[in-house]
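Presented below is the structure to which this report refers.
The values are calculated or read from the model by the stated rules, or taken from the named source; none is laboratory data. This structure is a prediction, so every number in the text was calculated from the model and none was measured. All Cβ positions, glycine included, derive from the backbone under ideal geometry; neighbour counts span all protein chains shown. Ligands, DNA and RNA are stripped out before the accessible areas are found, and what is left, the full protein with its side chains, is counted by its heavy atoms. Shrake-Rupley method; radii C 1.70, N 1.55, O 1.52, S 1.80 Å.
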Amino acid sequence: MTLFPSATQDIPPIGEVPRHIAIIMDGNGRWAKKRFMPRVAGHKRGVETVREIIKACVERGVSYLTLFAFSSENWRRPQEEVSFLMQLFLRALEEEVANLHENNIRFRVIGDLSRFDPQIVDLIRRGEALTAGNRALTLTIAANYGGRWDILQAMERMLAARPERRSGFSESDLSAHLALNYGPEPDLFIRTGGEQRISNFLLWQLAYSELYFTDTLWPAFDAAALDAAIASYRQRERRFGRTSEQLQADSVLERPREGTRSPAAKENA
Ligand code: IPE
Ligand code: IPE
Ligand code: MG
């Protein structure tokens, strides 16, 4: 059993602010290229955006933020770029984990860590342990992550947990073993950089997420751009298979529309 409702098994709670935002941070290379800089300058600048978006999510009351930092397919990039990204990740771990902890942020990493340098794995594990009790936001970095890898590793762990069992599995039997089993499914998925694809991100969990694509390149994505994504999200009618009429009849499930927040709530945000 997982702690969180699955969009296919139950109707998840719908709030004014998405509880979980998952982002494909794309467009670093193009941002740099437009400025006649090397691609890696875009990655460096992208780390600053990560800082700004984490802060904005805390301020807006988002509970879970999941960022796609390196896909299982990104090893196909030129070796110099891959090693630059690893160095950047290492440095960010060294420099940022204490800040996250000070800001009551829980830090997690999902992905196949077996390909990472042991020094990176050690910093990840220590950061996760240090911040495990924090509650302002759960920040998950997806590193060497692939949605297909995740489903396969979950299946293997599910089978290993009950070797005698051959059939009759439920969705929650599997989802309990997914890498992100400690959080709800994303309400809002954002991809920057103009491409409209999932690129093997959270394949299982995105089943009923609202999808938002923007041409803004990741280094240029800021709090205002995040607000535009959240505003779009608020306009969506999340039906989860039901009809619009059913939603209107069931006022308990109706969520406040944009502009209905009280000024006091805004001030406190
Ligand atoms: C996203 O930006 C960062 C990673 C995938 C690590 P890109 O590096 O993909 O930038 P573009 O898409 O080439 O502009
Ligand atoms: C997706 O971006 C992965 C990350 C942002 C980490 P890519 O730039 O690798 O995606 P594709 O190759 O364009 O689909
Ligand atoms: Mg890209």
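In this structure, is Ile105 open to solvent by less than 30 Å² (accessible area, probe 1.4 Å) and among the β-branched types (Val, Ile, Thr)?
For Ile105, the condition - open to solvent by less than 30 Å² (accessible area, probe 1.4 Å) and among the β-branched types (Val, Ile, Thr) - is met.
Return a yes/no flag: does region 10-19 have any residue that is within 16 Å of ligand 3 (Cβ to nearest atom), closer than 26 Å to Thr216 by Cα and either of a type in the set (A, V, I, L, M) or out of contact with any strand residue (DSSP E or B) (no Cβ under 7 Å at 6 or more places or on another chain) (or both). Before you say what the answer is, go through the steps one by one.
The initial filter retains those residues of region 10-19 that are within 16 Å of ligand 3 (Cβ to nearest atom), namely none.
Scanning region 10-19, I find no residue that is within 16 Å of ligand 3 (Cβ to nearest atom), closer than 26 Å to Thr216 by Cα and either of a type in the set (A, V, I, L, M) or out of contact with any strand residue (DSSP E or B) (no Cβ under 7 Å at 6 or more places or on another chain) (or both), so the answer is no.
Yes or no: Ser199 outside any loop (DSSP other than H, G, I, E, B) and of a type in the set (S, T, N, Q)?
Answer is no for this residue.
Taking region 147-177, which residues are in contact (Cβ under 8 Å) with a residue 60 or more places away in the chain and either touching a Lys or Arg at 6+ places or on another chain (Cβ under 8 Å) or surrounded by 22 or more Cβ atoms within 10 Å (Cβ to Cβ) (or both)?
Ser175
Any idea which of Glu73, Glu59, Glu80 is within 16 Å of ligand 3 (Cβ to nearest atom) and assigned by TED's automatic domain parsing to the domain that holds Ala136? Steps first, please.
Details: Glu59 fails: within 16 Å of ligand 3 (Cβ to nearest atom); Glu80 fails: within 16 Å of ligand 3 (Cβ to nearest atom).
Answer to the selection: Glu73.
Output yes when any residue across region 46-69 is within 16 Å of ligand 2 (Cβ to nearest atom) and without any contact (Cβ under 8 Å) to a residue 60 or more places away in the chain, and no when none is.
Checked region 46-69: at least one residue is within 16 Å of ligand 2 (Cβ to nearest atom) and without any contact (Cβ under 8 Å) to a residue 60 or more places away in the chain.
Can you find even one residue in region 203-211 that is in contact with a strand residue (DSSP E or B) (Cβ under 9 Å, 6 or more places away or on another chain), within 16 Å of ligand 1 (Cβ to nearest atom), at pLDDT 95 or above and not hydroxyl-bearing (Ser, Thr, Tyr)?
So far as region 203-211 goes, no, none of its residues is in contact with a strand residue (DSSP E or B) (Cβ under 9 Å, 6 or more places away or on another chain), within 16 Å of ligand 1 (Cβ to nearest atom), at pLDDT 95 or above and not hydroxyl-bearing (Ser, Thr, Tyr).
Can you name the residue in region 190-240 that is of a type in the set (Asp, Glu) and under 23 Å from Leu137 (Cα atoms) and, of all such residues, is least open to solvent (accessible area, probe 1.4 Å)?
Once the filter is applied, the top-ranked residue is Glu210.
Can you find a residue in region 178-189 that is within 28 Å of Glu96 (Cβ to Cβ), within 14 Å of ligand 2 (Cβ to nearest atom) and open to solvent by 10 Å² or more (accessible area, probe 1.4 Å)?
No, the conditions are met nowhere in region 178-189.
Being within 24 Å of Gly15 (Cβ to Cβ) and not aliphatic (A, V, I, L, M) is true for just one of Ser72, Ser63. Which residue is that?
On the way: Ser72 fails: within 24 Å of Gly15 (Cβ to Cβ).
One residue alone meets the criteria, Ser63.
Is it the case that some residue within region 7-25 is crowded, with 17+ Cβ neighbours inside 10 Å and within 9 Å of ligand 1 (Cβ to nearest atom)?
Scanning region 7-25, I find at least one residue that is crowded, with 17+ Cβ neighbours inside 10 Å and within 9 Å of ligand 1 (Cβ to nearest atom), so the answer is yes.
Among the residues of region 191-216, which ones are of a type in the set (A, V, I, L, M, F, W, C) and more than 17 Å from Ile230 (Cα to Cα)?
Ile198, Phe201, Leu202, Leu203, Trp204, Ala207, listed by residue number.
Of the residues Ser175, Ser170, which single one is more than 15 Å from ligand 2 (Cβ to nearest atom), of a type in the set (S, T, N, Q), assigned by TED's automatic domain parsing to the domain that holds Ile110 and out of contact with any Ser or Thr (no Cβ under 8 Å at 6 or more places or on another chain)? Reasoning before the result, please.
Numbers: Ser175 fails: out of contact with any Ser or Thr (no Cβ under 8 Å at 6 or more places or on another chain).
Going through Ser175, Ser170 in turn, the sole match is Ser170.
Can you tell me how many residues in region 55-80 are assigned to a helix (DSSP H, G or I), of a type in the set (Lys, Arg) and within 14 Å of ligand 1 (Cβ to nearest atom)?
Taking region 55-80 first, the residues assigned to a helix (DSSP H, G or I) are 55-60, 74-76, 79-80.
When the remaining residues are screened for being of a type in the set (Lys, Arg), the result is 55, 60, 76.
With the extra rule that they be within 14 Å of ligand 1 (Cβ to nearest atom), the set shrinks to 76.
The number of residues fulfilling the criteria is 1.
What number of residues within region 27-54 are surrounded by fewer than 23 Cβ atoms within 10 Å (Cβ to Cβ) and assigned to a loop (DSSP other than H, G, I, E, B)?
4
Starting from residues that are over 17 Å from Ser114 (Cα atoms), in contact with a Leu (Cβ under 9 Å, 6 or more places away or on another chain) and among the aliphatic types (A, V, I, L, M), keep the ones in region 128-146 and report whichever is most open to solvent (accessible area, probe 1.4 Å).
Leu130
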